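Peer 1: Quick one: structure below, then a few questions.
The values are calculated or read from the model by the stated rules, or taken from the named source; none is laboratory data. Not measured: the values here are computed from a predicted model. Cβ: placed from backbone, ideal geometry, glycine included. Neighbour counts: every protein chain shown. Note: areas computed on protein heavy atoms with side chains; ligands, DNA, RNA excluded. Shrake-Rupley method; radii C 1.70, N 1.55, O 1.52, S 1.80 Å.
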Amino acid sequence: NVQEEGLVKDRIFSVAMHPRSDRFVGVAGDKWGKIGVWDCGSVGRNVQEEGPDQLPRAIFAAFKRPVSQLSFGRLDNRKLYASSYDGSIRCVDVGSEAIHDTWVLSEEDDARVQGFKELSSGVMWACDHHGQVHRIDPRESHGDSKPKKSIFTLHEKKISSIDFHCDDYTMVTCSLDQTVALWDCRKLKKTGSQNLASRSFGRAMQSAFFSPKCDRMVAQNADDLLYLFNFQ
């Protein structure tokens, strides 16, 4: 069954589903920084019979600019991470709507966080509008001090997405410069990093992600074509 409902008021920029298998909980981020949460209840629940208005919802303002990505925490799925075109990533408690942490990657007006990835170690990686990736390590913060942050320039133009192999150090980026590239994040330099492999396409690349088992990778470009890569 398909249920169509407006969760947030404005255009949706990002969506995510909670990873628990016994319940459907979806979130969506819109153009003006609002995040909507829709609790559809237990698996097998008949939403159409009960009516969508009977299902718990919440909408709260996390940013003032578009929400570029949403993802529930890999280490603690009670936390919802959200990034925005305002240059920041925030950790939100969906239940209380409290914001636990705010990591500002850039103060520049045109800085946009395009996407991010939390690793099993708790380290967060993010990509931006300037072709840079950011490494944020909350483990290295003490008290009120800010977590350690490193910045690496990898592409000449915007990086549209970032993802990691199951080994947690092989990273894939795709860019407006028409390339998809693999990197060993242990060997990155601030500038001039050498990639493991790179492929150029005729149009801007919009996303690239590893499969759950990391034996494949899929990439998409501005022609709405999908490219599937197999790893031996």
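Peer 1: Using a 1.4 angstrom probe on the protein heavy atoms only, line up Phe24, Phe63 by accessible area, largest first.
Peer 2: Sorted by accessible area, descending: Phe24, Phe63.
Peer 1: Which residue, chosen from Gly36, Pro147, Ala58, occupies the Cα position most advanced towards the positive end of the dipole of the chain, where the dipole is computed from +1 (Lys, Arg) and -1 (Asp, Glu) charges on Cβ about the Cα centre?
Peer 2: Most positive-ward Cα: Pro147.
Peer 1: For Gly87, list long-range residues whose amide hydrogen, built 1.01 Å from N in the peptide plane, is under 5 Å from its own amide hydrogen.
Peer 2: Excluding prolines and chain starts, which carry no amide H, the hits are Val113.
Peer 1: Given a 1.4 Å probe and heavy atoms of the protein chains only, how would you sort Asp22, Asp167, largest accessible area at the top?
Peer 2: Descending order: Asp22, Asp167.
Peer 1: Another one. Using only DSSP helix segments of four residues or longer, with each worth -39500 (n - 2.57), what per-residue ellipticity at 222 nm results for the chain after dividing by its residue count and rounding to 500?
Peer 2: 0 deg cm²/dmol
Peer 1: Sequence neighbours fewer than 8 away in the same chain don't count; with that in mind, list the lysines whose C-alpha is under 21 Å from Lys148.
Peer 2: Lys79, Lys117, Lys187, Lys189, Lys190
Peer 1: Oh, and also: Quick check: at a probe of 1.4 Å, how many percent of the accessible area of the chain sits on carbon and sulfur atoms?
Peer 2: 46 percent
Peer 1: Right, here's the next one. Given charges of +1 on the Cβ of Lys and Arg and -1 on the Cβ of Asp and Glu, with all other atoms neutral, how large is the dipole of the chain about its Cα centre, in debye to the nearest 20?
Peer 2: Computed about the Cα centre, the dipole is about 600 debye.
Peer 1: Roughly how many debye, to the nearest 20, is the charge dipole of segment 182-232 about its Cα centre, given +1 on each Lys and Arg Cβ, -1 on each Asp and Glu Cβ, and no other charges?
Peer 2: Computed charge dipole of segment 182-232: roughly 340 debye.
Peer 1: Another question about this same structure. Report the accessible area of Trp103, computed with a 1.4 Å probe over the heavy atoms of all protein chains in place, in Å² rounded to the nearest 10.
Peer 2: The accessible area of Trp103 comes to roughly 30 Å².
Peer 1: Hey, if we sort Asp224, Asp30 by accessible area with the 1.4 Å probe, largest down, what's the order?
Peer 2: Solvent-accessible surface, decreasing: Asp224, Asp30.
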